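First comes the structure, then the notes that go with it.
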Amino acid sequence: MRKIILLSLLTLTTLSFGQETEFKFAKEGFTDYIITTIENKSQTELYKKTLEWIGATYKNPKEAIKSQKENEFIRFEGVSKSLINVNSAGKIPREAKYQIEITFKDGKYKLDVTDISVYSPPGENGAGGWATTELKNLEAYYNKKGETKTVYKYYPEMIPVFFNDLNRNLKDFILHGQAGGKKSDW
């Protein structure tokens, strides 16, 4: 019995303190943040390479960067038409803004999606405009059976894929010095 209790406590401790390496979208919520390990890179190197990556990835990097503290964090914003699609008589892309904060330590960085806002054209759901997408509690996107509501059908596949790809692109840039893909709208 002692072994079972000890094993249970050990499992719970591991799950509680485990670090996420990829974003996930589920009824329980969107992954709070992910940690990416890059061995043999100092906090300063990671910070500088991330600034270079933003410069290579975003059309107007000075506008994209919202705040920063040298060698500690960078908060930036981007715009994309491939982050959010709604299901309304088919797959309809929506312009979306996102804000990310990246903090640095020796050998790793933490990527935290702090905000996602979606633009709805006037005439849809009233006057239209920008609306914040809830990331902490995703129950509103699911029906009573636990299935994604029809209009949000593409959220669970698109949102995490977008940010996981963005993170892979940053990691590749830090390791190999080149950004893949095209520049963001910002």
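What the table below lists for this structure:
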{"quantity": "Residue that is nearest to Asp32 (Cα to Cα) [pool: residues in the stretch 76-94 that are open to solvent by 50 Å² or more (accessible area, probe 1.4 Å) and not charged (D, E, K, R)]", "calculated": "Ser82"}
{"quantity": "Restricting the stretch 51-60 to residues that are touching a strand residue (DSSP E or B) at 6+ places or on another chain (Cβ under 9 Å) and without any contact (Cβ under 8 Å) to a residue 40 or more places away in the chain, the residue that is most open to solvent (accessible area, probe 1.4 Å)", "calculated": "Leu51"}
{"quantity": "Selection within the stretch 125-156 - in contact (Cβ under 8 Å) with a residue 24 or more places away in the chain and open to solvent by 50 Å² or more (accessible area, probe 1.4 Å)", "calculated": "Trp130, Lys136, Asn137, Glu139, Thr150, Val151, Tyr152, Lys153"}
{"quantity": "Close pairs from the stretch 95-124: first closer than 22 Å to Thr31 by Cα and open to solvent by 50 Å² or more (accessible area, probe 1.4 Å), partner charged (D, E, K, R) and at pLDDT 95 or above, Cβ under 7 Å, at least 6 apart", "calculated": "Lys97/Glu77; Thr114/Glu101"}
{"quantity": "Qualifying residue in the stretch 129-139 (condition: in a helix (DSSP H, G or I), at negative phi and modelled with pLDDT under 95)", "calculated": "yes"}
{"quantity": "Flag for Glu20 being at pLDDT below 95, of a type in the set (Asp, Glu) and not in a helix (DSSP H, G or I)", "calculated": "yes"}
{"quantity": "Test result for Glu95, closer than 24 Å to Ile74 by Cα and in a loop (DSSP other than H, G, I, E, B)", "calculated": "no"}
{"quantity": "Options Leu12, Leu46, Leu51; residue that is at pLDDT below 95 and not in a loop (DSSP other than H, G, I, E, B)", "calculated": "Leu12"}
{"quantity": "Conditions (1) crowded, with 17+ Cβ neighbours inside 10 Å; (2) without any contact (Cβ under 8 Å) to a residue 24 or more places away in the chain; (3) more than 13 Å from the chain's Cα centre (by Cα): number failed by Phe73", "calculated": "(2)"}
{"quantity": "Residue under evaluation Ile84, criteria (1) over 17 Å from Asp165 (Cα atoms); (2) modelled with pLDDT under 95; (3) among the hydrophobic types (A, V, I, L, M, F, W, C), criterion not met", "calculated": "(1)"}
{"quantity": "Restricting the stretch 26-38 to residues that are modelled with pLDDT of 90 or more and over 17 Å from Arg168 (Cβ atoms), the residue that is most open to solvent (accessible area, probe 1.4 Å)", "calculated": "Asp32"}
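The values are calculated or read from the model by the stated rules, or taken from the named source; none is laboratory data. Because the structure is predicted, anything quoted here is derived from the model rather than measured. Because the Cβ atoms are built from the backbone with ideal geometry, glycine has one as well, and the counts that use them run over all protein chains shown. With ligands, DNA and RNA removed, areas are computed over all heavy atoms of the protein, side chains included. Shrake-Rupley method; radii C 1.70, N 1.55, O 1.52, S 1.80 Å.
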